[in-house]
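Report on one structure; see the data block that follows.
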Amino acid sequence: MLVLRHLTKTYHGARPVVPSVRDVSLEIPRGSFFTLLGPSGCGKTTILHCIAGLETPDSGDIEIDGVAVFSGASGCNEPPHRRRLGMVFQSYAIWPHMSVFDNVAFPLQQQRPRLAARDIKARVMTALSLVRLEAVADKLAPFLSGGQQQRVALARALVHEPRLLLLDEPLSNLDAKLREEMRVELGRLVRQLGITTIFVTHDQAEALTMSDRIALIDAGRVVQQGAPHDIYYRPNSTFAARFVCGGNIVPGTVVSAPDMQRQAEIDTPFGRVACALPTGINAGDDVNLVVRPDSLRVCNGDAPVDGRPNFFHVDISDVSFMGDFIEGIALSGSTALRVRLDPHVQVQMPHAAVVEVIAQRCVVLPRKE
Amino acid sequence: MRHALFAAAAAMVPTRLARLFPGEERIIGSVVFVAVLFLVSGPLLILISTSLNPTGAASILPSGLDISNYVRAFSPPDTLYLLGNTAIYTLGSVFIALLIGSSLAWLTERTDFRLQVAVRLMIFAWMAVPPFVSALGWIQLLNPGNGAINVLLRTVFDLQASPLSVYSLPAMILITGLSMTPTTFIMISGVFSNMDHRLESAAHVHGGARLATFRRITLPLLAPGLLAVAIFQSMTVIQTFDIPFAIGLTARVPVMSTRIYALATAVEGKPEYGLASAYGVVLLVIAIILIGLYLRFTRIGERFRVVTGKGFRPVRQKLGAAQIPATVLVVAYFVVMLLPLAILLWSSLLPYYQTPSIGALSHLTLQSYRNTIAQPMIIRALGNTIILVLSVATIAMALSVVVSWMAVRSRGTLGKAVTALTFAPIAIPQIVFAFAILLLYLYSPLYGTLLVIIIAHVTIFMAFGTRMVSSAMLQLHQELENAATVSGASWLVSMRRVVLPLIFPQLLNGWLWIATHSARDLTVPILLMTSGNVVLASALWTIWEYPDIPGASALAVMMVVGLMLLVVPLQIWSARYSNRSAGN
Ligand SMILES: Nc1ncnc2c1ncn2[C@@H]1O[C@H](COP(=O)(O)OP(=O)(O)O)[C@@H](O)[C@H]1O
Ligand SMILES: [Mg+2]
């Protein structure tokens, strides 16, 4: 169990002087896979460094398993080498002058009372076999491939059975194919070991597939927390919608008062959409309508539109073949929506079509200008 | 082999200490900060306070503000003469060093000159030759009585009087200028290789004739860099003490540095610490102005510096028929550089000084070497030198490691302050610093011990060590160190097991550089010399003064050979090492 309370951190000498982490509070249950997701520069690494003790927060508290390792109020600050954590760095930070074995043995050699050389050897080999690297134990680190280095870093972070495993964008330096493989392997490994893991990434696909819970970070703040499903289907801000769902964000204005089921009509540049409003949004409000690709259905161009709500005429162009689907741009007037098309249906471009906005799958968010 | 070296580096920090206290880096950092603060500012404060004592005050203790020493220091006509001498000496030497250094750098960096490798070897081996040793060689070549070249010229042209004299300002300028050509060469090569040669090619493509391109493009691009080198070397000459000391005292051509020495050591009458301090402060101010200018021009140079693309090689100019005159000139330069060493070797092999001749060959003997080695003073000096060199290099590098770490890794004010402090000695002329140390320890039991020389050298050479180590640490990814810390290593353990092994080549390089320079320095040992703390450099000077020319020559030859054994393998090793890492 890791608890962060009101954590704030400003870098010394930062220009302009803005905090990199602002009032971050998180609770991470034991054994869970927790992801900090956010764009580059939002403060994810800084949060991780504060947990590890590599940076000292300005204020707030950090507790591991009920014991404070940092407390701004009481001045308690456990140095990083006493926190018993494991960490994989973005650059892997494999020590190039040591063999793979020595790299992995290092955390065990630091333990007091000292471990017997025999025990160290056995535990290192166990850790190496977890990441399937027993064969290269005697190699010097620079002679490893990127994927192997990544696994050595993982073995080194796990070998001493740390209380927390901190992963700082561990997959971002791998090429696409390897990244996919490692994503699966990493997920399997940490679940098998049941270790509490804090995973940092800027890639929403990684976050969605691997995590038990996600905290979405923007400009040093936690803007939304929840299971991947919650965040994907119920983004609570335009930022979250844009960053996690990758959908269309359509500005609009509510034109009718919501009825008993909170159904109302919204004027958008491509027409009037009828859908449910969340509480707190009323007639006359400016809103953003989040239309993910799965909330759009493309029908034939001669489908009847008149009288049917949420059906619109569009012209589809600029298609790109993505393999299992085709992505196209649906133009209605000057508004463009990204849509997915069936790759098995051959059509002429540009192509007149009708799209249906599936109202239940859309999210309405307040728009602040 | 490399693992053995790492193990040696690792042994630098005891393991036990590592677990002693939690914030050990804070504690060690603070201790080092206080030590460096004391080392650097203690001598300077005492220097300034002494210069403000009333004229002729017996005590060096502060006794108010009295500018009479400065009034005396600046009263004509003596001062004008002194400043004039210093200025001519500086400008002349720098001119010669720049002329030869940039020609050599151009030949080796920008053309297909055939002797490039020989030039580089010669330049790097030159680090092993103490400047005052080559001055002693020149005295044997050019002294008006029996200097070998003078004798030769007298015989050939049937002259009555010697045509040349080493005891003159021009000779001093020439010898200093020559002795500075290697460092000038290295600095200017750096300026050349930092320039983006594509800018020149662009000018050629756009129809610029060769001369026009040189004048309009190359020269303006190089100018800030060259000016920076000139300023830096001017600072070096103003600080130079050993050559003016060996030659200028007899020649009666005083410059600032030898004047301070004369006043401080009572060459004439009783010591005048107040006046010497005033001159010291003046020299210090000049040096600080020069370093300010230097920093300014290097910054301008940086602006012109373009990051060159990968695998980019400048087009080298074909020398063609010019290879021959270039070769002749460079070989002549080699001969001129080696002549003083050759004459020292010659006179070390004869029982008494004789002009080189075929007849004298039959007298060759190793007797001087045997005699010299047998002298108790030399044995003591050798022992002292070994202690001096080992402890100075080790202490200075240890301090440099801590200081560099603080400067590079900690973003606190302490890091900034300690960096500024360690860089300060670059701007402090060595003679001034040695004198200030003399003042500080004069009435303490440390005066006259080897320890004082060690303290002075550590302070002076720390600046170099810090520059070397901090640039190495900057190259090191911070995460390598973080990984050790998170794995449970305390600061000392992460330094010992991760940081130090990774920067080991630079540590070794810096250690050897400091060791070499500590061994060849005459300035500090001569000013602080007593019978108890004689080292090889000061012993050599003592025998020379005695005068025992063959003995001094033998000692000089042994020193140069000994230093070569340190320097040359290192240079070859580090050239290989950097080639290998560049190849990766
Ligand atoms: N050592 C530092 N000094 C000053 N500012 C820093 C430092 N490290 C990071 N920052 C700033 O803090 C912010 C957050 O950085 P970081 O935590 O590295 O972001 P992320 O890991 O999410 O990409 C950025 O704006 C960055 O510029
Ligand atoms: Mg980061």
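The values are calculated or read from the model by the stated rules, or taken from the named source; none is laboratory data. Here the structure is a predicted model, which is why all the values come from computation and not from measurement. Every residue, glycine among them, receives a Cβ derived from its backbone with ideal geometry; neighbour counts consider all protein chains shown. Accessible surface areas use protein heavy atoms only, side chains included; no ligands, DNA or RNA. Shrake-Rupley method; radii C 1.70, N 1.55, O 1.52, S 1.80 Å.
Peptide A:79-89 has a mean of 5 when you count, residue by residue, the C-beta atoms of other protein chains within 10 Å of its C-beta. Could you tell me how many degrees, from 0 to 90 and to the nearest 10, lie between the Cα long axis of helix A:117-130 and the main elongation axis, the longest principal axis, of the Cα atoms of chain A? Helix A:117-130 sits roughly 20 degrees off the main axis of chain A.
Judged by the ratio a/c of the largest to the smallest principal axis of the C-alpha gyration tensor, region A:234-308 counts as oblate, that ratio being 1.5 or greater while a/b is no larger than b/c. Normalised Debye scattering of the protein assembly as shown at q = 0.05, 0.06, 0.09, 0.10 Å⁻¹ gives log10 I(q)/I(0) of -0.46, -0.63, -1.08, -1.21, counting only Cα atoms as equal scatterers and leaving out solvent.
Here the contact order of chain B, divided by its residue count and restricted to Cα pairs under 8 Å and six or more residues apart, works out to 22 percent. Using protein chains only (no ligands, no nucleic acids) and a 1.4 Å probe, work out which residues of region A:5-54 have their accessible area cut by at least 20 Å² relative to the chain alone. Hits at the 20 Å² cut-off: A:His12, A:Leu54. Helix A:100-109 and the longest principal axis of the C-alpha atoms of chain A enclose an angle of approximately 70°. Solvent exposure of region A:247-366 amounts to 53 Å² per residue of accessible area, where only protein heavy atoms count and the probe is 1.4 Å. A cut-off of 5 Å between modelled amide H atoms, ignoring neighbours fewer than 5 places along the same chain, links A:Leu296 with A:Ile358. Based on C-alpha pairs under 8 angstrom that are at least 6 apart in sequence, region A:262-328 has a relative contact order of 22 percent. Taking all protein chains as shown and a probe of 1.4 angstrom, A:Cys362 keeps an accessible surface of around 20 Å². Note on B:Ile426: accessible area approximately 40 square angstrom, rounded to 10, probe 1.4 Å, nucleic acids and ligands left out. Counting only alpha carbon atoms, the long axis of helix A:176-193 and the longest principal axis of chain A meet at about 60°.
Beyond 24 Å, what share of the Cα-Cα pairs of region B:454-584 is found? Please give it as a whole percent.
Result for the distance tail: 48 percent.
What helices does chain B have that are whole DSSP H segments, at least 18 Å long along their own axis by Cα, and with mean Kyte-Doolittle hydropathy of -0.5 or more? Once both thresholds are applied, what remains is B:24-51, B:78-110, B:169-194, B:219-239, B:273-304, B:323-348, B:376-409, B:413-427, B:450-475, B:504-520, B:549-583. Looking at region A:2-239 alone, DSSP beta bridges between its own residues are antiparallel in about 55 percent of cases. Taking label positions 7 Å along the Cα-Cβ direction at both B:Ala212 and B:Leu319, the computed distance is 2.9 nm, reported to one decimal.
Of all trypsin sites (Lys or Arg not before Pro) in region A:216-303, which ones are in loop regions per DSSP and have a Cβ with at most 15 other Cβ atoms within 10 Å?
Loop-located and lightly packed - A:Arg262.
Treating r as the C-beta distance of A:Cys299 and A:Ser145 and R0 as 51 Å, the FRET efficiency rounds to 0.55. Counting Cα-Cα pairs of region A:1-146 in 10 Å increments starting at 0 gives whole-percent bin shares of 10, 32, 30, 22, 6, 0. For a paramagnetic label modelled at 7 Å from the Cα of A:His12 toward its Cβ, which residues of region B:365-400 fall within the zone defined by backbone nitrogen distances under 20 Å? Under 20 Å, as judged by backbone N against the label point of A:His12, lie B:400 of region B:365-400. So what is the relative contact order of region A:247-366, in percent, for Cα pairs below 8 Å that sit 6 or more residues apart? This gives 31 percent for region A:247-366.
Please report the carbon-and-sulfur percent of the accessible area for chain B; probe 1.4 Å, protein heavy atoms only, DNA, RNA and ligands left out.
Details: 18090 of 25980 Å².
Its accessible area is 70 percent carbon and sulfur atoms.
If R0 is taken as 60 Å, the Cβ-Cβ distance between A:Ala68 and B:Tyr546 corresponds to a FRET efficiency of 0.20. In this label model, B:Ala332 and A:Thr253 are separated by 9.1 nm, measuring between points 7 Å along each Cα→Cβ vector.
Here the alpha carbons of chain A define both size measures, Rg and Dmax, at 25.1, 81 Å.
Taking amide H atoms as placed 1.01 Å from N in the peptide plane, the amide H of A:Gly301 lies under 5 Å from those of A:Val354, each 5 or more residues away in sequence or on another chain. Among the lysines, select those whose C-alpha is under 25 Å from the C-alpha of B:Lys416, and discard any that sit fewer than 8 residues away in the same chain. Cα-Cα hits under 25 Å: A:Lys9.
Along region A:19-34 the Karplus relation, 6.51 cos²θ - 1.76 cosθ + 1.60 evaluated at θ = phi - 60°, assigns HN-Hα couplings of x, 7, 10, 10, 6, 8, 10, 9, 10, 10, x, 4, x, 8, 9, 10 Hz to successive residues, with x for each Gly and Pro.
Label positions at B:Lys270 and B:Arg296, each projected 7 Å from the Cα along the C-beta direction, are separated by 4.4 nm.
Using 0.36 nm per residue and subtracting the Cα-Cα separation, the extra length available between B:Ala223 and B:Lys416 on full extension is 66.4 nm.
Peptide B:467-480 has a mean shielding of 2, counted as Cβ atoms of other protein chains within 10 Å of each residue's Cβ. Under 5 Å between amide hydrogens, built in the peptide plane, is the criterion, and for B:Thr111 it picks out B:Gln317 among residues at least 5 positions away or on other chains.
Applying 1/(1 + (r/R0)^6) with R0 = 51 Å to the Cβ-Cβ distance of A:Glu180 and A:Ala117 gives a FRET efficiency near 0.85. The figure for B:Val31 is an accessible area of roughly 90 square angstrom, using a 1.4 Å probe on the protein chains alone.
As a fraction of the 1.4 Å probe accessible area of region A:2-239, surface on carbon and sulfur atoms comes out at 51 percent. Averaged over the residues of A:101-107, the number of partner chain Cβ atoms lying within 10 Å of the residue Cβ comes to 3. Each semi-axis of the equivalent ellipsoid for chain B is √(5λ) with λ an eigenvalue of the Cα gyration tensor; in descending order they amount to 37, 34, 26 Å.
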